[in-house]
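Since the structure comes first, as structure tokens, the remarks are kept for the end.
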Protein chains: 2
Amino acid sequence: MYRDKTCGELRLSDAGSKVTVAGWVQRSRKMGGMTFVDVRDRYGITQVVFNTSDNTEENALFDAANNLGREYVVQVSGTVTERTSKNKNIPTGEIEIIAEKLKVLNKSEIPPFTIEDNTDGGDDLRMKFRYLDLRRPAVRKNLELRHKMAFEIRRYLDSKGFLEIETPILVKSTPEGARDFVVPSRMNPGEFYALPQSPQLFKQLLMVSGFDRYFQIAKCFRDEDLRADRQPEFTQIDCEMSFVEQEDVIEMFEGLVKHIFKYVKEIDFTDPFPRMTWNDAMKFYGSDKPDIRFGMKFVELTDLVKGKGFSVVDDAELTVGIVAPGCASYTRKQIDELTEFVKRPQVGAKGLMWVKVEPDGSFKSSVGKFFSADELKTWAERMDAKPGDLILVMSGDAMKTRKQLCELRLEMGNRLGLRDKNVFAPLWVIDLPLFEWDEETQRYYAMHHPFTSPNPEDIDKLRTDTGNVRATAYDIVVNGTELGGGSIRIHEAALQDEMFELLGFTPEKAQEQFGFLMNAFKYGAPPHGGLALGFDRFVSILAGLDTIRDVIAFPKNNSGRDVMNESPSPIDQAQLDELQLTLKPME
Amino acid sequence: MYRDKTCGELRLSDAGSKVTVAGWVQRSRKMGGMTFVDVRDRYGITQVVFNTSDNTEENALFDAANNLGREYVVQVSGTVTERTSKNKNIPTGEIEIIAEKLKVLNKSEIPPFTIEDNTDGGDDLRMKFRYLDLRRPAVRKNLELRHKMAFEIRRYLDSKGFLEIETPILVKSTPEGARDFVVPSRMNPGEFYALPQSPQLFKQLLMVSGFDRYFQIAKCFRDEDLRADRQPEFTQIDCEMSFVEQEDVIEMFEGLVKHIFKYVKEIDFTDPFPRMTWNDAMKFYGSDKPDIRFGMKFVELTDLVKGKGFSVVDDAELTVGIVAPGCASYTRKQIDELTEFVKRPQVGAKGLMWVKVEPDGSFKSSVGKFFSADELKTWAERMDAKPGDLILVMSGDAMKTRKQLCELRLEMGNRLGLRDKNVFAPLWVIDLPLFEWDEETQRYYAMHHPFTSPNPEDIDKLRTDTGNVRATAYDIVVNGTELGGGSIRIHEAALQDEMFELLGFTPEKAQEQFGFLMNAFKYGAPPHGGLALGFDRFVSILAGLDTIRDVIAFPKNNSGRDVMNESPSPIDQAQLDELQLTLKPME
């Protein structure tokens, strides 16, 4: 071992002891007859002191120290000593090592950016030199958090009798899965494996096999055009249970999320997580993943506003508003900013109505031409707006308006500091719709996947009121982000056949696409259900980050490229020949 | 929840309690007015009893029980009762449930083979219906063992400060890696990712990043022609440490292996594992992975046997033998069997010499024509053969003969029952050669990989005695199987350049193939080393299995096919078009 102590563990109580540490030169400062070198490793930073007086004929220690460059790898032995000027900001700040021996284990070229939390390196540069970016404590901590979370997830699930079972990465490509990554097989020319988008089929097979509590922290793959926060490979906490109902799954995984908060963040959720139906989430927050760290619930005003000759609301399906507490003092400019915000193409609203409830109880509004003070008072009463509050109202097509108002609500939450990254507000969204209507193809699609069980109470509505059938499906949401979701699956052949029919599958097509699972289901499939949590997302929420990229050691960029090792890349003709493939020139 | 008890937990102390269990019908027997149904789940089997007298007008319980088929999924409620005729072979054998309610949760077609440890299903059938094969307790136990081992591996490494860090599955294809699986990129047409053969480069990058203790239970991929016991995807326990020497790595991972034996098999290895140099392993066992559960070490006789006019040994580079204790009583037929064994093409020897040391001390041998009793006595003395023992001797080219005698030694171990699957004999093989000479291309190759550090004592021999340079590399072997291995890596640029030169890489080629790692090494690479253990292999050793296939939930066959879901398979033309690929017809 090149060291007997790390750079993070020495304290005042170690003063006087002889130690050897190893690490990277963070910085060095020459001050008169002394040189101070900060040595960094994964565990911290320790100050090492070299004195001119140590320069002897045999041991040019001081000179050597002055030749150290940033990021040199060094091994230093010496005596731990109390510092005269202590640094209260770091745990090792009360001591320093008076160097007696210095060995340069490796030199370093000057790194392309500074290895500090606030680095001078831009995004592209940091990604190209990701191995240096990972030296920065801020990034390192994300991977430490990720390790700890994975470990605690396994500890919890193991304690509940779950088995982690690895499912294959080389799987069957499904004919409709045009967005699968495929892998040509050399041994079976002309044939391809696919990389799994999720272990869904395998975990259901495992239930058929009798493994009644399965989980896996599993790599999944999607060859999608990448949005800001997608990766072609990502990690899922994938779980399935047999002989369970929705309540059992929710209870088990609420327990998991609480366990993680408790053992990783020291946050103890003692009450059950709130639950909200999907309909209520849309009605009161305009979103299937509401951020409930703050209020500002939607209040519908449609009935109050119609018939006063204001065409914007008269013609609208929905008029709905929120109350921004204490914002009656907003200036014209501030309100204009909000109007601009909702008119941005990303939000897409036509405009914004506002009503200030002045401290004296009077009203000032953008709609005074159409509504009397008395009328505005009925708004304020329904919305529980108090003097000093600002009412923000939008009108239009119901679904679109809700989504737009949702964006505005989140923006107001940001402006009012109500979205603190250290506050966590988890909830379950339940009773998700089973089907989703597609305007383009004029038919229903499965909202989740075709194995999702309908809510038993709604089974008689399958054909009569298809769009309103609720699934036995649930999402878990934290701070406005979907952490994951799942469902109870269909295990009865007859119901499954009906679902396929409703979804427009011919029996042949269903067999072609899901045949091996349907065959398996003939041999005694137990009732089962489960869920999957996005692990990258889970880590990023706990790390207080907006993107998953920084919780992944070696992420790809938005074009699916690893700019560090320049992949993907062309391959040899010989390799293509062996796979019996030809590249088709671009047209 | 469909149950409040599992089928494995009820004991005599539960007698009298009302319970509900759920599971699969293992078998049912009608005996007079009673029907006994064995219900199975992951945890065990519980006997349920139905009485004729329970058949009431409202509740045709007995009839329902008699209509149950094998593998039906049922939910049964009833009262736990002491059995009159107890089954001592199963933990639940003292009780049965007197059924009060029965619900068929799902029916089952008759399974294609019996769901029992000794099934009537052949290999192919079991693989096609793997989801049913996995119901058999013998197979289920392997996956339970695998889960437990993975969990304990993580527990040990976490306790030692290791971080599990996920490295990418979509990586860069290296130009010479003709055996990489490749993945065409839709977003970057004409370019390919590769699936990693191991996380080697990434774990070395992580060391450059300062993560001084890394591990990962990682999926790895090799598009190789599959031998009996290879899989195109397999799982590795991949580890790397910084600021360490060989001794540190060996100590850490010997600790890991001991931890697993202790917490999974309740076997406590208190002494250090033996260590053997690679040269000794070859000399005394003819193998770089000796099975040391038993002796029968090789004894060289070359000097004793030459010059007696027996051309077989006179012309041979090596004559070497083993002593099979107590086998002087072998019949002509038995000895013929051994001769046939070594002559099989898989072993490839020309013949076998034998000497029986008779109980009275006289000798009977196949070489009496050439050697006197006195001469045979010198053999017996050197080999420490006692009266009653059988000496088996082979001659020829040194390396080949050692490998052949190794096969014979293992065969004798089997015949003598010395290779007990419940006995575990781990050892380290150290001082592996750094280079391997290739006759065909007449040059040296890296035995491990080009980043393996030479033994510091042998650095001066790099150019003068290349073939005898030892690597700072080590393998861990259990019961004649290589569990894993690793090395200290080169971290100095100058030594790395020299290695590349010795291995015939031009600087350009080295840059092309390993450029991004070499670039990373310019920025302060710490001394580092590590190892990887084959996880599938590790599980199969502890499970006492000869192949890794049965410790993998959904394995591929020897053609790399998953016969359950028929993959790989052809893909749509549309998908090929999107990837800008064309299939080249077979010539």
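A short reminder: the numbers here are calculations on the coordinates, not readings from a lab. In this text the structure is predicted, and so the values were computed from the model without any measurement. Please note: Cβ atoms are built from the backbone with ideal geometry, for glycine as well, and neighbour counts cover all protein chains shown.
Suppose a student asked you for the relative contact order of segment B:12-106, using Cα pairs under 8 Å spaced at least 6 residues apart; what percent would you report?
Relative contact order of segment B:12-106: 33 percent.
Using only Cα atoms and rounding to the nearest 10 degrees, what angle (0 to 90) does helix A:137-159 make with the longest principal axis of chain A?
Tilt of helix A:137-159: around 60 degrees.
Under 13 Å Cα-Cα from B:LYS306, which aspartates and glutamates qualify once same-chain neighbours fewer than 8 residues away are excluded?
Excluding near neighbours in sequence, the set is B:ASP314, B:ASP315, B:GLU317, B:GLU375.
With r defined as the distance between the Cβ atoms of B:ASP572 and A:LYS461 and R0 fixed at 51 Å, what FRET efficiency is calculated, to the nearest 0.05?
0.90
Please work out the C-alpha center-to-center distance from segment A:173-247 to segment A:399-466 and express it in whole Å.
Cα centres, segment A:173-247 to segment A:399-466: 23 Å.
What are the residues whose amide H is under 5 Å from the amide H of A:ARG83, where those residues sit 5 or more places off or on another chain and H is modelled from the backbone?
Residues meeting the criterion, in which the H sits 1.01 Å from N, are A:ILE95, A:GLU96.
Using a 7 Å offset from the Cα along the Cα-to-Cβ direction at both A:VAL312 and B:LEU503, what is the distance between the two label points in nm, to one decimal?
7.0 nm
Roughly what angle does helix B:246-265 make with the longest principal axis of chain B, taking Cα atoms, 0 to 90 degrees, to the nearest 10?
Tilt relative to chain B: about 30 degrees.
Provide the per-residue ³J(HN,Hα) series for segment A:303-319, in order, calculated from phi with Karplus coefficients 6.51, -1.76, 1.60 and θ = phi - 60°, each as a whole number of Hz, with x at glycine and proline positions.
5, 6, 9, 6, x, 9, x, 9, 4, 3, 8, 4, 8, 8, 5, 9, 10
Report the Cα-based extents of the protein assembly as shown along its three principal axes, largest first, to the nearest Å.
Principal-axis extents of the Cα atoms in the protein assembly as shown, largest first: 127, 103, 68 Å.
Can you return the lysines within cross-link range of B:LYS88? Criterion is Cα-Cα under 21 Å, with same-chain partners fewer than 8 residues away left out.
Candidates past the 8-residue exclusion: B:LYS5, B:LYS141.
If I model a spin label as a point 7 Å beyond the Cα along the Cα-Cβ vector, how far apart are those points for A:ASP225 and A:LYS160 in nm?
3.8 nm
Can you pull the mean other chain C-beta count within 10 Å for peptide A:104-114?
4
Averaged over B:15-27, how many beta carbons belonging to a partner chain fall within 10 Å of each residue's beta carbon?
That average works out to 1.
Given Cβ point charges of +1 (Lys, Arg) and -1 (Asp, Glu) and nothing else, what value in debye, to the nearest 20, does the dipole of the protein assembly as shown about its Cα centre take?
1560 debye
Based only on Cα atoms, what Rg/Rh ratio does segment A:294-415 have, Rh being taken as Kirkwood's radius?
0.92
Pull up all non-local amide H partners of A:SER17: gap of 5 or more, or a different chain, and H-to-H distance under 5 Å with H placed in the peptide plane.
A:VAL80
Give me log10 I(q)/I(0) at q = 0.07, 0.10 Å⁻¹ for chain A, Debye formula, one equal scatterer per alpha-carbon, no solvent.
Debye intensities relative to I(0), on a log10 scale: -0.62, -1.07.
Looking at this model, which pairs from A:LYS219/B:LYS103; B:LYS283/B:LYS343; A:LYS160/A:LYS509; B:LYS160/B:LYS556; B:LYS283/B:LYS333 are more than 28 angstrom apart at the alpha-carbon?
Over 28 Å apart, Cα to Cα: A:LYS219/B:LYS103; A:LYS160/A:LYS509; B:LYS160/B:LYS556; B:LYS283/B:LYS333.
With +1 on each Lys and Arg Cβ and -1 on each Asp and Glu Cβ, how big is the dipole of segment B:12-106 about its Cα centre, in debye rounded to the nearest 20?
So the dipole magnitude of segment B:12-106 works out to roughly 400 debye.
Calculate, for B:THR331 and B:LYS403, the FRET efficiency according to 1/(1 + (r/R0)^6) with r their C-beta to C-beta distance and R0 25 Å; round to the nearest 0.05.
So, using R0 = 25 Å, E works out to roughly 0.35.
Subtract the Cα-Cα distance of A:THR302 and A:ILE110 from 0.36 nm times their separation in residues, and report this length gain in nm to one decimal.
Contour length minus Cα-Cα distance gives 62.7 nm.
Please list, in order along segment B:516-525, the HN-Hα scalar couplings obtained from phi with the Karplus expression 6.51 cos²θ - 1.76 cosθ + 1.60 (θ = phi - 60°), rounded to whole Hz, x for Gly and Pro.
6, 6, 5, 4, 4, 5, 6, 9, x, 7
Return the aspartates and glutamates within reach of B:LYS30: Cα separation strictly under 18 angstrom, same-chain partners fewer than 8 residues apart disregarded; answer none if there are no such residues.
B:ASP38, B:ASP54, B:ASP63, B:GLU71, B:GLU96, B:GLU100
What FRET efficiency, computed as 1/(1 + (r/R0)^6) with R0 = 51 Å and r the Cβ-Cβ distance, is obtained for A:THR52 and B:LYS262, rounded to the nearest 0.05?
For A:THR52 and B:LYS262, the calculated efficiency is 0.40.
Given the DSSP H assignment, sum -39500 (n - 2.57) over each helix run of at least 4 residues in chain A and divide by its residue total; what's the result at 222 nm in deg cm²/dmol, nearest 500?
Taking each H run of at least 4 residues, the total per residue is -8500 deg cm²/dmol.
Normalised by the residues of chain A, what does the relative contact order come to in percent, with Cα pairs under 8 Å and at least six apart?
Normalised by residue count, the contact order of chain A is 13 percent.
Note the angle between two axes, namely the Cα long axis of helix A:493-502 and the longest principal axis of the Cα atoms of chain A, as a number of degrees from 0 to 90, rounded to the nearest 10.
80 degrees
From zero up to wherever the largest Cα-Cα distance of segment B:12-106 sits, split into 5 Å bins and tell me the percent of pairs in each.
Whole-percent P(r) values from 0 Å outward: 3, 15, 26, 28, 19, 7, 1, 0.
Amide H neighbours of B:ARG443 under 5 Å, counting only residues 5+ apart in sequence or on other chains, H built in-plane at 1.01 Å?
Amide H to amide H, under 5 Å and 5 or more residues apart or across chains, B:ARG443 pairs with B:ASP438.
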